[in-house]
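Right, one structure below, let's go through it.
Nothing in this text is a laboratory measurement; each read-out follows from the coordinates by a stated rule. Every value quoted in this text rests on a predicted model; they were computed, and no experiment measured them. All Cβ positions, glycine included, derive from the backbone under ideal geometry; neighbour counts span all protein chains shown.
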Amino acid sequence: MNLELLTKLGSCRWKIKRISPMNTDAVIFADEKILHALDDKTVSQMRDVASLPGVVGPVCIMPDAHSGYGFPIGGVGAFDPEKGVISAGGVGFDISCGVRTLTTGLKKHHLKEVSEKLADSLFKNIPSGTGVGGKLKLTNNQMDEMLSGGASWAVGQKMGFPDDLRRIENNGVFRQADPSKVSKKAKQRMIDQLGTLGSGNHYLEVQYVEKIFDEQTAKAFGIAENEILVSIHCGSRGLGHQIATDYLPLMVKSAAKYGIKLPNKDIACAPIKSSLGQDYLKAMGAGINCALANRQRITHLVRNCFADILPKADLKLLYDVSHNTCNREEFLINGHMKTLYVHRKGATRALGPNSPELPHEFKKYGQPVIIGGSMGTSSYILAGTTASAELSFSSSCHGAGRVMSRTKALKSFKGKNIQDRLNLNGIIIKSGSIRGLAEEAPKAYKDVERVINVAEQAGISKIIARLKPIICVKG
DNA sequence: ATGTTC
């Protein structure tokens, strides 16, 4: 991008020039290398978000940002409940896509003899791939209960323990959900997909803690060097996708009626207070609950696999973070606490120490922020900071972020070569799709270390631990 | 991301 349009606000924090019709500032979290690589479309999408009615600044993009449908991926946009809007493109197609990490109580050496067997069991028992379903078929009633109750419903169905819920945003249930606002078609697509990974960048990894950067916080999070962890990255499958597909055209069509001048149609939105805005909010909430229940059921299946092969393992939920949401939260604005609707699209909520929502054992340290690296590279656990409330509406980055489109990656890499290289590095990779491996090649992504270092230098997160993969199951 | 071009 053109750096002349930027003002440096602080370390790794830049403001782009405010031009008409922007209603508020737009801020980029990046170092100079990331800035140079940032494409103009991402910046113009930020400007579009900052031009919407009722926006409360700053609109931000995270160091892993790139352009998306309407809103940038890696973008944060907060809106006033009275004058503001909610946008289906601001949440994205994979509603509440996110990551949860489990601790196991095992060390690296416990896996030595059984890693192949464990990899086979995980690949066999956790269905993955496009359009792939699982063994559980939901009745209409179960579907509606799941969409209202999220992970809390799943725990009630014996897919986990009540203690799991304390370690999930909003205690595992988005309360503004209403399954009646979700189309039959969306529900139909989900009937047999609960407890499945999906495809694309979704994965299930068995990892070990390679390095701890902050001993005290790591201890509070329940992790130590060489500890085995399991991370699950997936979302709301066909259901969330269908909700976005259903509501986007309705928002495009109604914009004029609500007096909203859309900077472009991809950024379609509706006033939060309007009937369409409320309907979308309730449908999106059902999508969030679907993703939370999905990750909860996968956790249950993973626990069963470990119980068979490593009965000593004790799989506890460290934390579950969502990446694609619009969440109602409180922030201090001009000296007053104010409720805002915060869109995070490809961005992670990252609450600082003493946030009321955190479980008591994390209060002193901030929220665990889980950063999934690209396939075969490092992942990170960070912690939220106090400063992020003011800097980024308590948000941080979510992953490495693509630098290469799927199409370009397919042309540039061969899945088989990628698989061989990972195996040479001692990583067991299980995937039903060789093509998918090429699309997810590590070189199609930004350097995750650079991304998290920017997040730390800018003050929106603190680096706690680095994780390395041992087993990777891909869709 | 996605029953990968309803």
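Quick look at the numbers
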{"item": "Stokes-Einstein D in µm²/s, Kirkwood radius over Cα pairs - the stretch A:278-367 at 25 °C with 0.890 mPa s viscosity", "result": "155 µm²/s"}
{"item": "Cα coordinate range in the stretch A:37-83, projected on the principal axes (Å, largest first)", "result": "36, 15, 15"}
{"item": "Debye log10 I(q)/I(0) for the stretch A:174-255, one point scatterer per Cα, at q = 0.19, 0.21, 0.25, 0.26 Å⁻¹", "result": "-0.90, -0.99, -1.19, -1.23"}
{"item": "Cα Rg over Rh - chain A, Kirkwood", "result": "0.94"}
{"item": "Only Lys, Arg (+1) and Asp, Glu (-1) charged, at Cβ; chain A dipole about Cα centre in debye", "result": "920 debye"}
{"item": "Kirkwood hydrodynamic radius over Cα pairs of the stretch A:77-125, then Stokes diffusion coefficient at 25 °C and 0.890 mPa s, in µm²/s", "result": "159 µm²/s"}
{"item": "Ratio Rg/Rh, restricted to the stretch A:225-374 and using Cα atoms, in which Rh is the Kirkwood radius", "result": "1.04"}
{"item": "Cα pair distances exceeding 22 angstrom across the stretch A:18-130, given as percent", "result": "51 percent"}
{"item": "Rounded tilt (10° steps) of A:140-156 against the dominant C-alpha axis of chain A", "result": "70 degrees"}
{"item": "Subset of A:Lys41/A:Lys345; A:Lys117/A:Lys219; A:Lys17/A:Lys83; A:Lys83/A:Lys257; A:Lys181/A:Lys253 violating a 21 Å alpha-carbon distance limit", "result": "A:Lys117/A:Lys219; A:Lys17/A:Lys83"}
{"item": "Extension gain, A:Glu32 back to A:His336 (0.36 nm per residue minus Cα-Cα distance, nm)", "result": "106.0 nm"}
{"item": "Semi-axis lengths (Å, descending) of the ellipsoid that matches the C-alpha gyration tensor of the stretch A:382-446", "result": "32, 15, 9"}
{"item": "Packing-based ranking, highest mean first, of A:11-22, A:26-37 given that Cβ atoms within 10 Å are counted", "result": "A:26-37, A:11-22"}
{"item": "The stretch A:130-284: projected area of the alpha-carbon convex hull, averaged over directions, in nm²", "result": "12.2 nm²"}
{"item": "Whole-percent pair-distance distribution, where bins are 5 Å wide, for the alpha carbons of the stretch A:355-475", "result": "2, 11, 18, 19, 16, 12, 10, 8, 4, 1"}
{"item": "A:Ser11 paired with A:Lys124, simple spin-label distance in nm, labels 7 Å along Cα-to-beta-carbon", "result": "5.0 nm"}
{"item": "Leading residue at positive end of dipole, chain A (Cβ point charges), from A:Gly160, A:Gly89, A:Gln216", "result": "A:Gly89"}
{"item": "Formal net charge of residues neighbouring A:Tyr365 (Cβ-Cβ distance under 11 Å; K, R +1; D, E -1)", "result": "+2"}
